[in-house]
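Heads up, the thing below is written out as structure tokens.
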Amino acid sequence: MNTAFATNFVYIISSVLFAFGLKFLGSPVTARRGNILSSIGMLLAVLATLFNGHIISFQWIAIGIIIGGSLGALVAFKAAMTQMPEMIALLHGCGAMASVFVDWTAYQVHGTTDLTNAITLYLSIVIGGLTVTGSGIAWGKLSENIPGKPIVFTGQKWLNTALIASIVILGVLFIMHPARYDLFLMILGLSLVFGVFIVIPIGGADMPVVISVLNSYSGIVACTTGFVIHNTLLIVVGSLVGANGMILSIIMCKAMNRSIGNVIFGAFGSVVKKAGGDEKKEAKAMSVEDAFLIIENAKSVVFIPGYGMAVAQAQHAVRELSEFLEKNGCDVKYAIHPVAGRMPGHMNVLLAEANIPYDQLLEMDAINPLMDTVDVAIIIGANDVVNPASRHDKSSPIYGMPIINADKAKTVFVLKRSMATGFAGIENELFYYENTRMIFGDAKQTIQALVAEFKSSQH
Amino acid sequence: MDLISQLFILALSIFLGFALITRVPPLLHTPLMSEANAICGIIIVGALAAAGTDANSPLTIFLGTGAVALATFNVIGGYLVTERMLKMFKKKG
């Protein structure tokens, strides 16, 4: 049995383990087992590659593994759950950059072997390059090192068109003359620049889509690199990751009622705000004491959290309140909108961190049919995802977006600092409904005050 | 391996990916994404080959070592953070 056969055989085992890893992520009960299987697959692939006889010097490998491994472990343990989206963006960028480096080395050492090789190398450095800087900008926006607001300027469309045209023209030239190192570097450089301009006009609210799209790209790059260096394992894994990003992008877009093109090319912030001067509507405020009297008698309560809850770090207080409610004989659930949080599934992680059992977390489609039977819906830091205007107001920019039907509950509490609008800058008519009560103030303090009321009522 | 077999594998893997990932509940979409990051670190097998050949120029040494470091960052960071998140998901009772 020769070593090439043995290596490829181990690669097949690794692919199967990766597939099982993803399959086991289908349920929270088996998910951890899946993660372990997947990491065993990775270890096998690395060992098989290290000892296949092609590797003759180990010192640079050791240095790379020590640096990357220790930084990876450090970031993985230190990152707070609210920082997960930026961590993921960072990982997208690193994965893509590793692929670009591998492509570059292949080109530097072997040049291109044939036409397919030149084409896949070109695709790989273009997608890889723009994923590197695109992820960098996404990371900057999510970690608030760069303003999260869309950055738009005149001539942006022309600049992007010029960039795309240059990348395509240089690409054709490169494929015809693959030995031209200068063309290779120019394509890589322009792709890096293009990545910056793709992400800067996209606003904070659209980040869940951007992260998913970049995830898909990072997979596609691994895939094209697999073609460049003739490695089947990279093709398989790259396809799995590419499909993953694509599915999540579609889910996020559906949840926002927008197309991917609309997210990437039309800055959401440019939506014209409706002129003020509508008839003066009155939102009804309520004190914490009165709110307590209502939830004390409630048989069922649904919390509807938004990213604002995580910003206020209110999730632990919310869990405490829900424990008191349950002791009081009340049924407590959480309604999770697909775009609550800054990335797919983010809200679930934030609530799980606060020790809220996952069987209490219900998806939008599962909770909506039950909303009529709910006594109190408590909205914390969510706004656009509960705006009933999306159901009937054709002039609203969020018309058609699926929402959690909070207004169907008997009473709706909205915990909010002020009457300010949400990400989309749209007035929320729910605040003026007959059954809605606004509880103004810091969400965390409000919840803590409700907990304190429960505590004092028990003495 | 010839191009056509590679394309075969590509097509089937994309189907496999779609079949597997549509079954993952939204509850686990964040860990799913970090898991995807971790397995995307499989580029390490290409990186090892790049860094382990008889290094001749400073550029290839830099690219090879950099690729290994970045890919390892993805593998270690991705798996550990996925484990950290999954550990938090508990059932009631």
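Below are the figures for this structure:
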{"quantity": "Checklist (1) at pLDDT below 90; (2) among the polar types (S, T, N, Q); (3) surrounded by fewer than 17 Cβ atoms within 10 Å (Cβ to Cβ) applied to A:SER396, failing item", "calculated": "(3)"}
{"quantity": "Hits in segment A:131-149 - residues which are modelled with pLDDT of 90 or more and more than 15 Å from A:MET84 (Cβ to Cβ)", "calculated": "A:THR131, A:VAL132, A:THR133, A:GLY134, A:GLY136, A:ILE137, A:GLY140"}
{"quantity": "Among (1) surrounded by 15 or more Cβ atoms within 10 Å (Cβ to Cβ); (2) at pLDDT 85 or above; (3) closer than 26 Å to A:GLY345 by Cβ, the one test that A:ILE426 misses", "calculated": "(2)"}
{"quantity": "Checklist (1) more than 14 Å from chain B (Cβ to nearest Cβ); (2) at pLDDT 90 or above applied to A:ALA382, failing item", "calculated": "(2)"}
{"quantity": "A:TRP104, sole failed condition from (1) of a type outside the set (Gly, Ala, Ser); (2) surrounded by 23 or more Cβ atoms within 10 Å (Cβ to Cβ); (3) under 23 Å from the mean Cα position of the chain (by Cα)", "calculated": "(3)"}
{"quantity": "Check on A:ASN117, surrounded by 18 or more Cβ atoms within 10 Å (Cβ to Cβ), at pLDDT below 95 and closer than 20 Å to A:LEU233 by Cα", "calculated": "yes"}
{"quantity": "Answer from A:THR133, A:THR161 - the residue that is without any contact (Cβ under 8 Å) to a residue 24 or more places away in the chain and either closer than 18 Å to A:GLY219 by Cβ or surrounded by fewer than 22 Cβ atoms within 10 Å (Cβ to Cβ) (or both)", "calculated": "A:THR161"}
{"quantity": "Count of segment B:52-69 residues which are free of Cβ contacts under 8 Å to residues at least 24 places away in the same chain, at the interface with chain A (Cβ under 7 Å from one of its Cβ atoms) and among the hydrophobic types (A, V, I, L, M, F, W, C)", "calculated": "5"}
{"quantity": "Residue in segment A:213-232 that is over 30 Å from A:VAL10 (Cα atoms) and either among the hydroxyl-bearing types (Ser, Thr, Tyr) or out of contact with any Lys or Arg (no Cβ under 9 Å at 6 or more places or on another chain) (or both) present", "calculated": "yes"}
{"quantity": "B:THR72 facing chain A (nearest Cβ under 7 Å) and surrounded by fewer than 16 Cβ atoms within 10 Å (Cβ to Cβ)", "calculated": "no"}
{"quantity": "Filter result (more than 22 Å from B:LEU32 (Cβ to Cβ) and without any contact (Cβ under 8 Å) to a residue 40 or more places away in the chain) within segment A:98-116", "calculated": "A:PHE101, A:THR105, A:GLN108, A:VAL109, A:HIS110, A:THR113, A:ASP114"}
{"quantity": "Condition check for A:THR120: more than 9 Å from chain B (Cβ to nearest Cβ), out of contact with any Leu (no Cβ under 7 Å at 6 or more places or on another chain) and either of a type outside the set (Phe, Trp, Tyr) or touching a residue at least 12 places away in the same chain (Cβ under 8 Å) (or both)", "calculated": "yes"}
{"quantity": "Subset of segment A:9-32 (residues that are within 22 Å of A:GLY69 (Cα to Cα) and surrounded by fewer than 20 Cβ atoms within 10 Å (Cβ to Cβ))", "calculated": "A:ARG32"}
{"quantity": "Tally of residues being farther than 22 Å from A:THR82 by Cβ and facing another protein chain (nearest Cβ under 8 Å) across segment A:201-220", "calculated": "2"}
{"quantity": "Cβ pairs under 7 Å, 6+ apart, first in segment A:209-225 and assigned by TED's automatic domain parsing to the domain that holds A:HIS92, second crowded, with 24+ Cβ neighbours inside 10 Å and among the charged types (D, E, K, R)", "calculated": "A:THR225/A:ASP103"}
{"quantity": "Out of A:LEU47, A:LEU17, A:LEU22, A:LEU37, sole residue that is part of a helix (DSSP H, G or I) and within 8 Å of another protein chain (Cβ to nearest Cβ)", "calculated": "A:LEU22"}
{"quantity": "Cβ pairs under 7 Å, 6+ apart, first in segment B:1-27 and closer than 14 Å to A:LEU233 by Cα, second outside any helix (DSSP H, G or I)", "calculated": "B:MET1/A:HIS230"}
{"quantity": "Residues located in segment A:199-215, provided they are surrounded by fewer than 24 Cβ atoms within 10 Å (Cβ to Cβ) and β-branched (Val, Ile, Thr)", "calculated": "A:ILE200"}
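The values are calculated or read from the model by the stated rules, or taken from the named source; none is laboratory data. Computed from a prediction, not measured in an experiment: that's the story for all the values here. Using ideal geometry, Cβ is built from the backbone for each residue, glycine included, and neighbour counts are taken over all protein chains shown.
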